[in-house]
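The values are calculated or read from the model by the stated rules, or taken from the named source; none is laboratory data. In this text the structure is predicted, and so the values were computed from the model without any measurement. Don't worry about glycine lacking a Cβ; one is built from the backbone with ideal geometry, like all the others, and counts go over all protein chains shown. Protein only, heavy atoms only, side chains kept; ligands, DNA and RNA dropped before computing areas. Shrake-Rupley method; radii C 1.70, N 1.55, O 1.52, S 1.80 Å.
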Amino acid sequence: MAILGSAELPAETSIPSAVSTAPVTKLARRHSALVRVTHWITTLCFFALLVTGIEIVISHPRFYWGETGTVLTTPLFQLPIPSSRRMVPTGYGYVLPDQNGWSRALHFEAAWIAVLTGLLYLISGLLTRHFRKDLVPSKADLSWRALLTSFTKPLRFGRPSAAEASSYNGLQRLTYLFVIFVLFPLVIWSGLAMSLGFASAFPWSVTLLGGRQSARTIHFFVSLALVLFLFVHVLMVCLAGFWSRTGAMITGRTGTRKEHA
């Protein structure tokens, strides 16, 4: 029996539910387990290296070029901060607490963990062709228009589209390759060159950098470049969606929305 103001429908007619027409979130594969594990281990090591590196620099915030450099040597440049050692002339009438002991120990431990993790990531990336498939840019990515768009869009705080968020643009690919194959090897090389044991075994590696003090100065500037990369990387993650990007690096999958016809 029909109700007043309603239309009676045949028994075989069904009403589509609202759920079937709503956008459905699908989980797409984003990062492999090894990429995620090495990413977070490297992240922890990087922060340990950053904190301990700052403490080490504070103990002697003067930088030189060549093989030797002491408090009696004119520095190439010096940081305008007080030192944690009274013998280091910085122009301040006080010194900071000396944390150089534990800082050096933790710095070298974190560095070796980062090196071994990086080697694992490098070998896996070569065997699985991760670098070739995900990081090597195409010809279209290297066009001036594409690179300019990749550079200017974040400056306007523009959020990437769904297609852009699912892969790296040309500028990102070039940056990641530069960090992986240039900055990381250089920061490791310059760090090892400051070791007396390593310098004794491989003196040519120190000579190529211009000396142990030159290696320390190079190590400092490369570290600054990596810190700058970290800030830009976090900014890009925030623009693309911080929680979704972070979740993808934890679970390995990212949500994509698909409309049903």
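In order along region 82-97, the Karplus-derived 3J(HN,Hα) couplings, from 6.51 cos²θ - 1.76 cosθ + 1.60 at θ = phi - 60°, round to x, 9, 9, 10, 5, 6, 8, x, 10, x, 9, x, 8, 10, 8, x Hz, and Gly and Pro are given as x. Working ranking of peptides 31-40, 218-227 by packing, defined as the average number of other Cβ atoms within 10 Å per residue, highest first, is 218-227, 31-40.
The amide H of Phe202, built 1.01 Å from its N in the peptide plane, has no neighbour under 5 Å, considering only residues 5 or more places off or on other chains.
Over region 107-240, accessible surface divided per residue gives 61 Å², non-protein components excluded, 1.4 Å probe. For region 35-74 versus region 173-244, the inter-centroid distance based on Cα atoms is 10 Å. Shape of region 103-152 from its Cα gyration tensor (a ≥ b ≥ c, root eigenvalues): rounded if a/c is under 1.5, otherwise prolate when a/b > b/c, or oblate? Since a/c reaches 1.5 but b/c is at least a/b, the shape of region 103-152 is classed as oblate.
By how many nm would the segment from Ile81 to Lys153 lengthen if fully extended, with 0.36 nm per residue of separation less the alpha-carbon distance? So the chain would gain 22.3 nm between Ile81 and Lys153. Under 5 Å between amide hydrogens, built in the peptide plane, is the criterion, and for Arg253 it picks out Arg30, His31 among residues at least 5 positions away or on other chains. Counting 0.36 nm for each residue step from Ile123 to Leu106 and taking away their Cα separation leaves a gain of 3.5 nm. Would you mind classifying region 62-128 by shape? Square roots of the alpha carbon gyration tensor eigenvalues, ordered a ≥ b ≥ c; an a/c under 1.5 is rounded, otherwise it is prolate if a/b is larger than b/c and oblate if not. Because a/c hits 1.5 or more and a/b exceeds b/c, region 62-128 counts as prolate.
Taking 0.36 nm per residue of separation and subtracting the current Cα-Cα distance, fully stretching the chain between Val71 and Asp98 would add 8.0 nm.
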